[in-house]
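Colleague: Take this structure first; my questions come after.
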Amino acid sequence: TSGMPKAGTLVSNGEDVVRADSEGRYVIEAEPGKHSFVFVTVPNAYRARDSFFQSLTAESSRIDFMLDSAPERRTAVFSLAHLSDTHLGTEQERVPTERLLTSDLRELADIESPDLIICTGDLTENGTLPELYLLRETIARTAAPFIPVWGGHDSASEYVEKGDGRDCTANFTKVLGPVCFSFDWGGRHFVAYAAEDEFIAPDDRDRKDRWLRADLAMKPKGQETVLLMHPPPTV
């Protein structure tokens, strides 16, 4: 797989990480069925024009990413709103609805005007496709970039069907993208990591752990790292 991101940009298949050369080209081995996405670590002071990830298919041979300059993301001082456990559902009697979440996000924007919003897991109640699509529509309307991070509830419906140790992230990845990824903002390195292994197949657990080690090994020494995950670390 080859593409043309900004020179030096990190590119990954969710397991391995490579760095684009001086002309912005990269080569990475990616196998459909084994790897779901090819994605970039969006560099400091840039934004992805369309998306930072693309799904991998049997027809994939070249994947390009377009990055636009975003100087407002360079400054080390910025306003970040951290949310968690929004548990968006479709039954008003049980869990928050789109109307309530939209109202809360609008109030957040009016009062705080954050530069960036990050929600670390359990964005939906059951992780059904209707819930996830509704979530995507809701967060697309926020003024600030909204970073959705996977949590176990975002795979609950699949877990009930498939059980422990099986891949239960298909709905989330279909609608919102990778469950593990990274990006740079304000000189810091942000890493989203899926830590609830009971929802993830053993081979994918190994791949995401290899990705995490590779991603961290590629960042500049001394760069501050922010880990984004739903449950707290156990060690």
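Colleague: Residues in region 194-233 that are under 27 Å from residue 157 (Cβ atoms) and part of a helix (DSSP H, G or I): how many?
Modeller: Within region 194-233, residues that are under 27 Å from residue 157 (Cβ atoms) and part of a helix (DSSP H, G or I) number 13.
Colleague: Here are the criteria: (1) over 20 Å from residue 44 (Cβ atoms); (2) at pLDDT 95 or above; (3) surrounded by 19 or more Cβ atoms within 10 Å (Cβ to Cβ). Tell me which single one residue 183 does not satisfy.
Modeller: (1)
Colleague: Step by step: first the residues of region 86-100, then only those that are of a type in the set (A, V, I, L, M, F, W, C) and either modelled with pLDDT of 90 or more or open to solvent by 40 Å² or more (accessible area, probe 1.4 Å) (or both), then the one that is nearest to residue 227 (Cα to Cα). Which residue is that? It would help to see each step written out before you state the result.
Modeller: Start the filter on region 86-100 by keeping residues that are of a type in the set (A, V, I, L, M, F, W, C), which leaves 88, 95, 100.
From what's left, either modelled with pLDDT of 90 or more or open to solvent by 40 Å² or more (accessible area, probe 1.4 Å) (or both): 88, 100.
Values: 88: 23, 100: 28 Å.
Out of the qualifying residues, it is 88.
Colleague: From 76, 45, 81, 58, which residue is in contact with a Pro (Cβ under 7 Å, 6 or more places away or on another chain), among the small types (Gly, Ala, Ser) and loosely packed, with under 13 Cβ neighbours inside 10 Å?
Modeller: Result of the check over 76, 45, 81, 58: 58.
Colleague: Give me the residue from region 219-234 that is at pLDDT below 95 and farther than 11 Å from residue 184 by Cβ and, out of that set, surrounded by the most Cβ atoms within 10 Å (Cβ to Cβ).
Modeller: Top of the filtered list is 231.
Colleague: Suppose we filter region 161-180 for residues that are open to solvent by 40 Å² or more (accessible area, probe 1.4 Å) and either part of a loop (DSSP other than H, G, I, E, B) or at pLDDT 95 or above (or both); how many remain?
Modeller: As a first pass, look at region 161-180 and keep what is open to solvent by 40 Å² or more (accessible area, probe 1.4 Å): 161-162, 164, 166-167, 170, 174.
Add one more test, that the residue is either part of a loop (DSSP other than H, G, I, E, B) or at pLDDT 95 or above (or both), and what stays is 164, 166-167, 170, 174.
Going through region 161-180 one residue at a time, the tally reaches 5.
Colleague: If a residue must be among the charged types (D, E, K, R), at pLDDT 95 or above and open to solvent by 20 Å² or more (accessible area, probe 1.4 Å), how many such residues does region 113-136 contain?
Modeller: Going through region 113-136 one residue at a time, the tally reaches 2.
Colleague: Identify the single condition in (1) more than 17 Å from the chain's Cα centre (by Cα); (2) surrounded by fewer than 20 Cβ atoms within 10 Å (Cβ to Cβ) that residue 142 does not satisfy, given that it satisfies every other one.
Modeller: Of everything listed in (1) more than 17 Å from the chain's Cα centre (by Cα); (2) surrounded by fewer than 20 Cβ atoms within 10 Å (Cβ to Cβ), residue 142 misses just condition (1).
Colleague: Then there is this: Which residues, counting only those in region 10-41, are farther than 13 Å from residue 214 by Cβ, in contact with a Ser or Thr (Cβ under 9 Å, 6 or more places away or on another chain) and open to solvent by 70 Å² or more (accessible area, probe 1.4 Å)?
Modeller: If the condition is that a residue be farther than 13 Å from residue 214 by Cβ, in contact with a Ser or Thr (Cβ under 9 Å, 6 or more places away or on another chain) and open to solvent by 70 Å² or more (accessible area, probe 1.4 Å), then 25, 27, 29, 36 are the ones that fit.
Colleague: Just to verify a result, which residue in region 115-166, among those that are touching a Ser or Thr at 6+ places or on another chain (Cβ under 7 Å) and of a type in the set (S, T, N, Q), is nearest to residue 50 (Cα to Cα)?
Modeller: Result: 138.
Colleague: Something else about it: If we scan region 200-217, do we find a residue that is open to solvent by 20 Å² or more (accessible area, probe 1.4 Å), under 28 Å from residue 139 (Cα atoms) and touching a Pro at 6+ places or on another chain (Cβ under 7 Å)?
Modeller: no
Colleague: I've got another one for you. Can you confirm whether residue 172 is farther than 17 Å from residue 154 by Cα and either in contact with a Leu (Cβ under 7 Å, 6 or more places away or on another chain) or hydrophobic (A, V, I, L, M, F, W, C) (or both)?
Modeller: The answer is no for residue 172.
Colleague: Also: Does residue 158 satisfy the condition of being in contact (Cβ under 8 Å) with a residue 12 or more places away in the chain and either assigned to a loop (DSSP other than H, G, I, E, B) or surrounded by 19 or more Cβ atoms within 10 Å (Cβ to Cβ) (or both)?
Modeller: On the way: in contact (Cβ under 8 Å) with a residue 12 or more places away in the chain: yes; either assigned to a loop (DSSP other than H, G, I, E, B) or surrounded by 19 or more Cβ atoms within 10 Å (Cβ to Cβ) (or both): yes.
So residue 158 fits the description; yes.
The values are calculated or read from the model by the stated rules, or taken from the named source; none is laboratory data. These numbers were taken from a predicted model, which means no experiment stands behind them. Note that we place each Cβ from the backbone using ideal geometry, even for glycine, and neighbour counts take in every protein chain shown. Surface areas here come from the heavy atoms of the whole protein model, side chains and all, with no ligands, DNA or RNA. Shrake-Rupley method; radii C 1.70, N 1.55, O 1.52, S 1.80 Å.
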